[in-house]
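Before any comments, here is the structure.
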Amino acid sequence: MIDMPTFEDVAAAAARIKPYTHETRVVGSRLLNKYLGVEVLIKCENQQRAGSFKSRGVFNAILARSERGLVSKDRGVVTYSSGNHGQAMALASYQLEIPAVVLMATDSPKVKVDMAKSYGIEVMMYDPEEDDRIAMAAEIAKERDWEVIPSFDDGELIAGHGTAVMELVREVGHLDDVVVPVGGGGLISGSALAAKVFNPNVKVWGVEPEAANDAQRSLEKGEIVTISSPMTIADGARVRHITELTFAIMKAKVDGIVSVPDDMIFTSMKLVADRLKLVAEPTGVLGLAGIKKLVADGRIERGSRVGVVLSGGNVDLDTFAACLAKPDDAIAQMQAWLA
Ligand SMILES: *Cc1c(COP(=O)(O)O)cnc(C)c1O
């Protein structure tokens, strides 16, 4: 396994995953530009296969391990996620005919469990209160002599995730800034590796929900900070802590991380639906939601060319409708309902 991935790993990932992933569209909006004070170029990973950029890293991680003889039709992969990583894993396992076990929390939405099972993968449940899913995955992998693919803490995943920004820069040319959501830090790590090769002066910014700003706090404090139960609508960013690998890459390559309240997420989902006619999930709009703050703080200059990854579109229609319809005083209620 590669430890600290490089731009060469991102380029290799791009070639490897090309037959299996979409080169997603880049869109913009004059109204959004006016509202934000910059020129935004939005990479539509909500329209990526399985509904998020996660397919990029997952296809790369499986294909690279298969090149190294670590996985095959008889020797599968084990992972843990009821979110987009699990969905991407289900798709890749089906398409590449590599068997997979995905550990999902007992409180996962039934639709996600059913969707994963429909691809023919083995779903095992764990109790998020009681069980250590990383240890469980390691144990299953050991018993079967299979490979663990973690949900963000992996060089091959990170290299695959970096292909989104690589495509974006190849398509639109010069960018002054790149802004992406942050959960465990896999996406921003890959994005920074890709962006800085094309323009060493490009600034790379991450955005977290205020209630789950562990990466922001870790960078400020100089050590990894843990948040025990992050309460935010942005389920893809409810990560308790980043890891040594993503922390090291962020320290070296990321210019800063800001956090936004959930009501900025709702506003951004509305803007994306209204202006771009796109369905995005709450975590998916974090990058966009952070731009106004980055401009207000003077970290992004007015008039800059800013690339943004709209990272995912997997949202239940009921939740989507509730986010769009949400009166401002209902934020707290809605969070409690979704917790
Ligand atoms: C996983 C995910 C993120 C966060 O990615 P990390 O690599 O964990 O930082 C952001 N948006 C969406 C839609 C995701 O699924």
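Couple of notes before you dig in:
- Structure-based [θ]222 nm, the chain - -39500 (n - 2.57) summed over DSSP H runs of at least 4, per residue, nearest 500: -14000 deg cm²/dmol
- Take 49-62, 299-312 and order them by the average number of nearby Cβ atoms within 10 Å per residue, most first; the result is 49-62, 299-312.
- Protection proxy ranking, peptides 198-207, 68-77, 81-90, 230-239, average beta carbon neighbours within 10 Å, highest first: 81-90, 230-239, 198-207, 68-77
- Between the C-alpha center of region 151-178 and that of region 49-65 there is a gap of 13 Å.
- Candidate lysines for bridging to LYS293, where Cα separation is under 17 Å - those fewer than 8 sequence places away on the same chain excluded: LYS34, LYS203
- Whole-Hz ³J(HN,Hα) from phi, Karplus 6.51 cos²θ - 1.76 cosθ + 1.60, for region 39-51, glycine and proline x: 9, 9, 10, 9, 8, 7, 6, 5, 9, 6, 4, 6, x
- The label point for THR243 and the one for ASN201, both projected 7 Å from the Cα toward the Cβ, are 3.6 nm apart.
- A Cβ-based charge dipole, computed about the Cα centre of region 12-106 with Lys and Arg at +1 and Asp and Glu at -1, lands at about 160 debye.
- Scattering from the chain was approximated by placing one identical point on each alpha carbon and applying the Debye formula without solvent; log10 I(q)/I(0) at 0.06 1/Å stands at -0.18.
Each value in this text was obtained by applying a stated rule to the coordinates, not by laboratory testing. Every value quoted in this text rests on a predicted model; they were computed, and no experiment measured them. Methodologically, a virtual Cβ is constructed for each residue, glycine included, from the backbone with ideal geometry; neighbour enumeration extends over all protein chains shown.
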